[in-house]
Amino acid sequence: MAEAHPVGFQWVMEAKRRGAKVFHVDPRFTRTSAVADSYLPIRAGTDIALLGGVVRHILENELDFREYVLAYTNAATIVSDRFADTEDLDGLFSGYRPDTGSYDTSSWQYAGHEGHAEITGTGKERDSAAGLRHESHGMPVPAPTQRDETLQHPRCVYQILRRHFARYTPEMVERVCGIPQDKFLELADAWASNSGRERTGALVYSVGWTQHSVGVQYIRTGAIIQTLLGNMGRPGGGILALRGHASIQGSTDIPTLYNLLPGYLPMPHHADHETFDDWVDSIRHPGQKGFWGNSRAYAASLLKAYWGDAATPENDFCYGHLPRMTGDHGTYQQVLNMIDGKIRGYFLLGQNPAVGSAHGRAQRLGMANLDWLVVRDLFLIESATFWKNSPEVATGEIVPEQCRTEVFFLPAASHVEKEGTFTQTQRLLQWREKAVDPPGDARSELWFFYHLGRRLREKLAASPHPRDRALLDLTWDYPTHGPHAEPSAEAVLREINGYEVATGRPLSAFAQARDDGSTAVGCWIYTGVYADGVNQAARRRSRHEQDWVAAQWGWAWPANRRTLYNRASADPQGRPWSERKKYVWWDPDAGEWTGYDVPDFEKTKPPTYRPPEGASGVEAIAGDDAFVMQGDGKAWLFAPSGVLDGPLPAHYEPAESPMRNPLYGQQANPTRKVYEHPVNSVNPSPPEAHSGVFPYVFTVSRLTEHHTAGGMSRTVRPLAELQPEMFVEVSPELAAEAGLTHLGWAHLVSGRAVIEARVLVTERLTPLRVDGRVIHQLWLPYHFGTEGLVTGDSANDLFGITLDPNVLIQESKIGTCDVRPGRRPTGPALLDLVADYRRRAGMTPQRRVPIVTTDAAGGGDAAGSTDERSAGASADEHEHDGGGDA
Amino acid sequence: MSAPHRPVGDRFRRYRTGRGGGEQLTVPPAEFTSYYGRPVLKPPVWKWDIAAYLFTGGLAAGSSLLAAGGQLTGRPALRRAGRVTSLAAVTASAYFLVNDLGRPARFHHMLRVAKPTSPMSVGTWILTVFGPAAGVAAVAEAAPWLPERGALGVGRRLLPGVGRAAGLVAAATAPALATYTGVLLADTAVPSWHEAYPELPTIFAGSALASGAGVGLLAAPCAQAGPARRMAVAGAALELWGAHRVETRLGLLSEPYRTGVPGRLLRAGRTLTAAGVLGALAGRRSRLLSGLSGAALLAASVATRFGIFHGGVASARDPKYTVVPQRARVDRRAAQG
Amino acid sequence: MTGAGMPDADSRHGPPDPAPDAGWTDARPRMGFFTDTSVCIGCKACEVACKEWNDVPGSGLDLLGMSYDNTGALTANSWRHVAFVEQPRPAAPAADAPGSAPAAAGPQFLGMPGARPPGRDTGAQTRSDFRWLMMSDVCKHCTHAACLDVCPTGSLFRTEFGTVVVQEDICNGCGYCIPACPYGVIDQRKGDGRAWKCTLCYDRLGAGLTPACAQACPTESIQYGPLDELRERAAHRVATLHERGVPQARLYGHDPTDGVGGDGAFFLLLDEPEVYGLPPDPVVTTRDLPRMWKRAGLAALAMAAAAVAAFVGGSS
Ligand SMILES: Nc1nc2c(c(=O)[nH]1)N[C@H]1C(S)=C(S)[C@@H](COP(=O)(O)OP(=O)(O)OC[C@H]3O[C@@H](n4cnc5c(=O)[nH]c(N)nc54)[C@H](O)[C@@H]3O)O[C@H]1N2
Ligand SMILES: Nc1nc2c(c(=O)[nH]1)N[C@H]1C(S)=C(S)[C@@H](COP(=O)(O)OP(=O)(O)OC[C@H]3O[C@@H](n4cnc5c(=O)[nH]c(N)nc54)[C@H](O)[C@@H]3O)O[C@H]1N2
Ligand code: SF4
Ligand code: SF4
Ligand code: SF4
Ligand code: SF4
Ligand code: SF4
Ligand SMILES: [Mo]
């Protein structure tokens, strides 16, 4: 955190000044470790074992916040008797379908709900990253559940959890992660003893946890701990994703993701959501409880915002104009499609995949096989110059004179050169003024898209084709100003906020959205940011002039609520759990919820409220159902649906690992997304033969001194000089073993590429003794490429493409490699070296990556990627800038 | 663990002291820590021309004394050689000084202030007095070549008197010119210069005398060279005594003066000085031997100046010379409570 | 050598407040930095902020292999320098003996891991525990500033805030200040010839702003303010750290009776100063200047006497 979020880290230091104890778990000793009280080196990719150990520690010692757990979680809920655990199936859950490499989740349901599982097989969900399409809101399940408040029922979630994690003992943690038992126990103790009625603990994570083939389950395990300890919905608690680029949170709210529309409305699927009603019902689940019940109003208002007068209840608000998904349109699938010639044009905005995305060679070969490529960026980045200045040019795989891609480079205005909002990890929108004019031809994105749309519409004005209606019917009437006719960003924010169509009056709450076409809302969760016609995101009242929640700084969605599920900060009767931690509570005299924050509950619904028989939607939420977006109103320790790789987290080895999974016969995540493509490959891992060809683990992350793919730091002298060369960090032991010398050169070889780097021998890296053997980990920054003041080989060239099934994020934190002293070969000799390694590792074209490595599945190896209902549908040509983030 | 790389962070170095003859620091700690072996101080950015300046400045001072002595005791050969050398040397000095500036065009900024805390400022003002005086004195030597009449005739008549006065002014300033440079070097954080502050002016005074004497030996006939011989002896004595002190008294900080290039230069200086003095004494009647001795003394002076200069630079470059004595001081203070 | 020969009390020449001493009748409270290295995270924001604000040129693109320090030192082109020290952890102090309950004593240490990272004494890998210290160095704005004392042009001057600043339109690059500085701070810029160093953001101070580096520092490792206040705060901080079992914490440059009369920019360190590249006992060189002039005077007299003797002493 100190490395990548130094400004946020000031608060950790502040907490430390006040006596907090800081633990840092990381494969290498970082700037964060340097100021932490306790540093725990961990074998990369094994956090679920560590966190599972903490879960076990809590359960075995009954350290959970029992009243909270009983009242607000599904611990007492009874699960179907058809459910079988990984403990029974050697690493698989019940319902695994080897043919699609995915789960039929019906056996994971609550007892009595088996038939409700709308999904029977999740391969398609994976392709469309649909499992978590509601993001923080979870998938609804029917309300009435069977519960055992004593938590003794063998099939209640609590007992299932206990059995599931029973083998995650301190010994096992040591064996899997390389963390000694006493250090582990110190961590577990500190976590548990700083939670409960009087204390809360926050969990902060970032991409060290997400970029794994089991990334989502990392976070799930953290969520289980935080829920057991009563750290959710309470001040000082929570799970915080430290985001990456400014407004990465904003770019999932108003998404740049292919499977989402603004406000987490899912992108319709061509087969499943033929009509507006199909689509809306798939979101609101008629008859179920929770706030998604109103989705029809959100959806209608969104379409109304898009297509204005043309969108009417009669024509389903132009639902037909919405594009549909046909399968996996993720950024990695697209790159493979480019290589296969299925995509011919591409817009690239604010992204540098030639350096930043896994499997750099695939990225560049893909872009080199387009007809045209538009790059809008601040700098001339590698993704715009790959055709003349990439490793593939050196090896002869790309010949500049013959490269067919026509690249258009358009200079972009930076964030200080345009106005707008950033949304950060707390869902806080903060308005940003323009500080300086952009230089030369540089223009904002807003300018670019507005004028591009305007010109396209002008060109198509006379078009008789129905396909052009979607564009021509758009409301496209933003006021502009200045010499370049810059559209007003405030006007856009106003549209996002939503307004009454008849009067133009801005809405002040999403509850005002209507499904009859009388409201237009660009992003329903943002409704209120322009309440009363005032830009609420621009509020900057000093923290000294308001209480500690600082509700008048910026604006947080939803409804300016700073902490979600804050009903849980009070006990079931609505009283604060403790005076110290009081936040939101029921005021019986006033008959309403009150407190420091905007209550995440219906204001006047008393704690004693019980829904009438047959109620649905908001009405069905009981007065003590704190987790209002969940179908059962409870926080899920066990997730009956929504998570594609299991209702509980289980430790799987990374897709590339030198180790056999010490816990299960199942080596790696059986539902991970594997792309079998000639350009892509995975280094062998046990139990496959030849894994010794790539004996070392490498992990890749950030340096404080550089930014991501380097476009914004390698080009800036005061930054570039701080870390002027690509390097690899190795322990003195590994240096001795591999013959590396400090400041000498080394080259690293994977099944995809070979890169070179200067060597830094440092004790900050340490060999780990795990499961009876020594594992060496190397560390690389991924900021280097061929452009800029300082250049170097790209770490991402080493990676292949393997994704988490839920969100299709790449496993780019960890891979296996070999390391050799000296510089790498150049030209064709480089390709020969890689080919030699591939030969020795058995990475032949015929080889298929073994997905299932346990007999428990009762089937052969599974295919990696199949959309069972639309398998035949070929991917469309989509110009889409996707990519996963924290 | 035998790391294949230079250990990062603190680093331990071992060294032995020589026969530390000084009052303290006879047993410096055996180990010291530093930051990647990097210098703690910034070594002087002065280039070779400052070392050369030390020599020419001394030479100018020494020869102006020689000239004044010659003037007062009626040894015209000494006077003439002294005055001419003095002007040449002080001119060279000025060139070296200006040349070494990062911004030579701003030389005159030196004259903005007069700062007793800045030996360079003091030196500037000394030079400002000495230089013109030495110049006038030298120009006066040209009087005999001037025509007898006209405006220049006036010069011819007046010049010798003015020259005599100027020569005395120069001579009066000369000891300051010769010795302030010792303070110039000592008044820095450079360990082996600073700690040598009691000796540096003496060495430089001796070296200046010896080089002035060298000029006398080279230029004057044997009959007039007596004072130059005696000046050589006195100068050599001061120089050798001082050099011996800095090479032995400073404990660890003497090391840079004994080793490496500075060590070789100072040894050469000593040898040449000794040879020069012996030659001067032995060559009372030999113009050739006197001349050779004079040359030896000049060379000795050059060697000594460069030796002292580089010895200091070397002491600033290696952090041990900064850290060890200071650490010893701290420890001693701590021990004293 | 001087140190022991001269009583340390001699170093206290001049009043403790340098601005009035320098002739400022309207002197402002002396401003300075307290850099608390125990909370430095080595982000180098200070380095970058300084360069951006003061338009300092690049200092080269060299990988130095000194941990994450690729700046190397304070130079004419780097007025802030963050040092990175990777080192074996010093032996645990008695108070912090292994096994003693740090939980009761609260968090034990700011600046290093609490115990040995694992895997280090298993099998072939034996390694002592180690730590990573970071420290942002800067010009000390000494009370008795040698650089200023020796500057022959008056280019270096004492501001009304008690700081030491080079006037770039006056400096003629004589280079004297450079070896005079006991901390190796001030430096000549190549190709420019003049001497450069931290100005303590004189322009910002004048406008009532915080210096750029302190403003950028996320963890308040660099604290800017009136020196008196900072000294108090620092003493408090050291006491807190000592209480929390960090006996290594010590102040550096805070003491007005030290060899430079105390620094305007002083530090909290977690090891000996030399570990960070700082001199353990810096002394302003001009402290000895009166004695130097005396020695020079004696030498000059000796020289004159020798000359006189040479001419009156003999006949040939
Ligand atoms: N200076 C700087 N700041 C940045 C960025 C930048 O490039 N430079 N990028 C921004 C962006 S886009 C993002 S997404 C964030 C990312 O912020 P972070 O996630 O904090 O950044 P990383 O450095 O990629 O990874 C964090 C740590 O995860 C560790 N790690 C790797 N694998 C594992 C594992 O399996 N388990 C555990 N426990 N740790 C592991 C790495 O060693 C690393 O120290 O930072 C943002 N901030
Ligand atoms: N191995 C490995 N790979 C990783 C990661 C990792 O931890 N390990 N982290 C991943 C993560 S979290 C991320 S976020 C990605 C980042 O990877 P990328 O997004 O590909 O890399 P960036 O360099 O951040 O690219 C952003 C570009 O946007 C430009 N830009 C900045 N502002 C604007 C603007 O306003 N408009 C336009 N048009 N352009 C702008 C910048 O100049 C820059 O070139 O890398 C991922 N890759
Ligand atoms: S770059 Fe911006 S977002 Fe990132 S830590 Fe610094 S201030 Fe925060
Ligand atoms: S640290 Fe050096 S440069 Fe800074 S004021 Fe002191 S003597 Fe001058
Ligand atoms: S270099 Fe400039 S600032 Fe330094 S002493 Fe000389 S004139 Fe003064
Ligand atoms: S005070 Fe100003 S000049 Fe000095 S280091 Fe900080 S930013 Fe640079
Ligand atoms: S900005 Fe602060 S925390 Fe960062 S390196 Fe500088 S002093 Fe340390
Ligand atoms: Mo990111």
Handout entry: Selection from the range C:212-260 of residues that are under 28 Å from C:T285 (Cβ atoms) and touching a Cys at 6+ places or on another chain (Cβ under 7 Å)
Key = C:C213, C:I222, C:V260
Practice task
Give the range C:174-196 a look and list any residue that's surrounded by 24 or more Cβ atoms within 10 Å (Cβ to Cβ), in a loop (DSSP other than H, G, I, E, B) and within 13 Å of ligand 5 (Cβ to nearest atom), or say none.
Solution key: C:C174, C:G175, C:Y176, C:C181, C:V185, C:I186
Fill in the blank from the handout: Note on A:N194: of the conditions (1) modelled with pLDDT under 95; (2) closer than 20 Å to A:L644 by Cβ; (3) open to solvent by 20 Å² or more (accessible area, probe 1.4 Å), unmet is (2)
Practice task
State whether one or more residues within the range B:262-271 are farther than 26 Å from B:T322 by Cα, away from chain C (no Cβ under 13 Å) and crowded, with 20+ Cβ neighbours inside 10 Å.
Solution key: yes
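One line per residue, one yes/no per condition, for (1) within 16 Å of ligand 3 (Cβ to nearest atom); (2) at pLDDT 90 or above; (3) crowded, with 21+ Cβ neighbours inside 10 Å; (4) within 14 Å of another protein chain (Cβ to nearest Cβ):
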residue	(1), (2), (3), (4)
A:R234	no, yes, yes, no
A:A246	yes, no, no, no
A:S251	yes, yes, no, no
A:T256	no, no, no, no
A:M267	no, yes, yes, no
A:D272	no, yes, no, no
A:F276	no, yes, yes, no
A:Y298	no, yes, yes, no
Exercise for the section: Scan the range A:745-763 and give yes if some residue there is touching a Ser or Thr at 6+ places or on another chain (Cβ under 9 Å) and more than 17 Å from A:V819 (Cβ to Cβ), otherwise no. Expected result: yes
Handout entry: Residue match in the range A:710-727 (condition: on the phi > 0 side of the Ramachandran plot, surrounded by 24 or more Cβ atoms within 10 Å (Cβ to Cβ) and in contact (Cβ under 8 Å) with a residue 60 or more places away in the chain)
Key = yes
Problem - Breaking point among (1) open to solvent by 10 Å² or more (accessible area, probe 1.4 Å); (2) more than 9 Å from chain C (Cβ to nearest Cβ); (3) assigned to a loop (DSSP other than H, G, I, E, B), for A:R43 - result: (1)
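Condition check ((1) of a type in the set (S, T, Y); (2) more than 29 Å from the chain's Cα centre (by Cα)) across all residues:
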site	(1), (2)
A:G453	no, yes
A:Y478	yes, yes
A:R514	no, yes
A:G522	no, no
A:I525	no, no
A:V534	no, yes
A:E545	no, yes
Handout entry: Which listed residue, of C:R233, C:R295, C:R244, C:R250, is closer than 30 Å to B:A213 by Cα and either more than 16 Å from ligand 8 (Cβ to nearest atom) or not aromatic (F, W, Y) (or both)
Key = C:R295
Exercise for the section: Return yes or no: is A:H707 under 20 Å from the mean Cα position of the chain (by Cα) and either open to solvent by 10 Å² or more (accessible area, probe 1.4 Å) or of a type in the set (G, A, S) (or both)? Expected result: yes
Fill in the blank from the handout: Those residues of the range B:87-118 that are part of a helix (DSSP H, G or I) and of a type in the set (S, T, Y) come to a total of 3
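Please go through the range B:120-158 and give me each residue that is aromatic (F, W, Y) and open to solvent by 20 Å² or more (accessible area, probe 1.4 Å), ordered by number. So that I can check it myself, show each step before the final result.
So in the range B:120-158, the residues aromatic (F, W, Y) come out as B:125, B:130, B:145.
Correct list: B:W125, B:W145.
Would you point out the residue of the range C:38-67, among those that are within 11 Å of ligand 6 (Cβ to nearest atom) and acidic (D, E), that is nearest to the chain's Cα centre (by Cα)? So that I can check it myself, show each step before the final result.
Here is the first cut: in the range C:38-67, the residues within 11 Å of ligand 6 (Cβ to nearest atom) are C:45-56.
Among the residues that remain, those that are also acidic (D, E) are: C:47, C:52, C:55.
Working: C:E47: 15, C:E52: 22, C:D55: 22 Å.
Ranking the candidates gives C:E47 first.
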Practice task
Would you please name the residue that is farthest from the other protein chains (Cβ to nearest Cβ), looking only at residues in the range C:148-166 that are free of Cβ contacts under 8 Å to residues at least 40 places away in the same chain and within 8 Å of ligand 5 (Cβ to nearest atom)?
Solution key: C:V166
Problem - Residue within the range A:3-14 that is within 14 Å of another protein chain (Cβ to nearest Cβ) and more than 16 Å from ligand 7 (Cβ to nearest atom) present - result: no
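Could you tell me how many of the residues in the range C:256-275 are surrounded by fewer than 19 Cβ atoms within 10 Å (Cβ to Cβ) and within 15 Å of ligand 4 (Cβ to nearest atom)?
The first filter runs over the range C:256-275 and keeps only residues surrounded by fewer than 19 Cβ atoms within 10 Å (Cβ to Cβ), leaving C:256-257.
Within this subset, residues satisfying the condition of being within 15 Å of ligand 4 (Cβ to nearest atom) are C:256.
Final tally of qualifying residues: 1.
Residues checked against (1) within 22 Å of the chain's Cα centre (by Cα); (2) more than 29 Å from A:V749 (Cα to Cα):
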| residue | (1), (2) |
| --- | --- |
| A:D625 | no, yes |
| A:G646 | yes, yes |
| A:S657 | no, no |
| A:V679 | no, no |
| A:V697 | no, no |
| A:R702 | yes, no |
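Which residues, counting only those in the range C:200-224, are open to solvent by 30 Å² or more (accessible area, probe 1.4 Å), more than 16 Å from ligand 3 (Cβ to nearest atom) and either in contact with a strand residue (DSSP E or B) (Cβ under 7 Å, 6 or more places away or on another chain) or in a loop (DSSP other than H, G, I, E, B) (or both)?
Our first condition is that a residue be open to solvent by 30 Å² or more (accessible area, probe 1.4 Å); within the range C:200-224, this holds for C:202-203, C:206-210, C:215-216, C:220, C:224.
If we keep only those that are more than 16 Å from ligand 3 (Cβ to nearest atom) too, we end up with C:202-203, C:206-210, C:224.
Hits for the range C:200-224 are C:Y202, C:A207, C:G208, C:L209, C:T210, C:Y224.
Please note which strands (runs of 3 or more DSSP E) are completely contained in the range A:665-756 and include at least 2 residues that are more than 14 Å from chain B (Cβ to nearest Cβ). Full working, then the answer.
Details: elements: A:696-701, A:727-730, A:745-749.
Strands (runs of 3 or more DSSP E) meeting the threshold: A:696-701, A:745-749.
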Problem - Long-range neighbours under 6 Å by Cβ, at least six apart or interchain, first residue without any contact (Cβ under 8 Å) to a residue 40 or more places away in the chain and facing chain B (nearest Cβ under 9 Å) within the range C:172-200, second part of a helix (DSSP H, G or I) and open to solvent by 10 Å² or more (accessible area, probe 1.4 Å) - result: C:N172/B:R106; C:N172/B:H109; C:Y176/B:M120; C:C181/C:C147
Practice task
Identify, by number, the condition in (1) facing chain C (nearest Cβ under 7 Å); (2) of a type in the set (S, T, N, Q); (3) under 18 Å from B:T173 (Cα atoms); (4) open to solvent by 50 Å² or more (accessible area, probe 1.4 Å) that B:T91 doesn't meet.
Solution key: (1)
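The values are calculated or read from the model by the stated rules, or taken from the named source; none is laboratory data. Please read all numbers here as calculations on a predicted model, not as lab measurements. Heads up, the Cβs are rebuilt from the backbone with ideal geometry, glycines too, and the neighbour counts pull from every protein chain shown. Heads up: the accessible areas ignore ligands, DNA and RNA and are worked out on the full protein's heavy atoms, side chains in. Shrake-Rupley method; radii C 1.70, N 1.55, O 1.52, S 1.80 Å.
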